[in-house]
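The values are calculated or read from the model by the stated rules, or taken from the named source; none is laboratory data. Everything quoted here is computed from the prediction, not taken from an experiment. Virtual Cβ from ideal backbone geometry, glycine too; neighbours counted across all protein chains shown. Remember, those area values only see protein heavy atoms, side chains included, never the ligands or the DNA or RNA. Shrake-Rupley method; radii C 1.70, N 1.55, O 1.52, S 1.80 Å.
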Amino acid sequence: RLQPPLNRPPPPRRPSQGGGRAAVAARALAEREEGGGAREEPAFDGVFALLVVNIALFVADHVLHLPWVPMLYLQHSHPLWFQYVTSLFCHASFQHISGNLFFLYVFGKLVEEEEGAFGLIASYLICGVGANVASMLLLHGPGLVSLGASGSVFGLFAVSVLVKLRWNLKKLLEVAILGQFVVERVRTP
């Protein structure tokens, strides 16, 4: 009968590559320790991309005064198909863009954390185009144009509520506080 020497501990057992719960948990723990436990940065940042496009068009319109930018506004009298999307990235003033970008950052980050960059951009576009369709149906007048991301960011607020909604008092309080800011932003021109 062979016995291990008393002065040496037995070799550590490595989890098998099998699919048992203990083995899976041990592998996950080992991978996390090897990676330092730090959260990996996403390969693509959707909020940053949307911010850049909005700022670039604002600079092109209000700083460089490029003559083609107003063609991107949603013209209510004779809308072109692409204006339903391009008008989401155009803004009338610095106050307009600064408010929209603030809410885009806050609610966009919430949506992107849960749904990823593709989900964020899809939500931004779907909500914004929906808001533009509603404005076309409800607002009439000569020379009327629609522009800005207000419909998109209000939609992102709704999406962030839906993806974060849990019957948790803390989260509901956050939604109530942030929702109040969105309602105030929509009510003021």
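Packing here is the average count of other Cβ atoms within 10 Å per residue, and on that basis the peptides 133-143, 79-89, 106-116, highest first, run 106-116, 79-89, 133-143. For the set H91, H62, the ranking by accessible area, highest first and with no ligand, DNA or RNA atoms included, is H62, H91 under a 1.4 Å probe.
Ordering F48, F58 by accessible surface, largest first, gives F48, F58; the 1.4 Å probe counts only protein heavy atoms, with every chain in place.
Each Cα pair under 8 Å and six or more residues apart adds its sequence gap; the mean of these over the residue count of segment 70-170 is a relative contact order of 41 percent.
Applying the Karplus relation 6.51 cos²θ - 1.76 cosθ + 1.60 with θ = phi - 60° to segment 65-76 yields 3J(HN,Hα) values of 6, 5, x, 7, 5, x, 5, 7, 5, 7, 7, 5 Hz, where x marks Gly and Pro.
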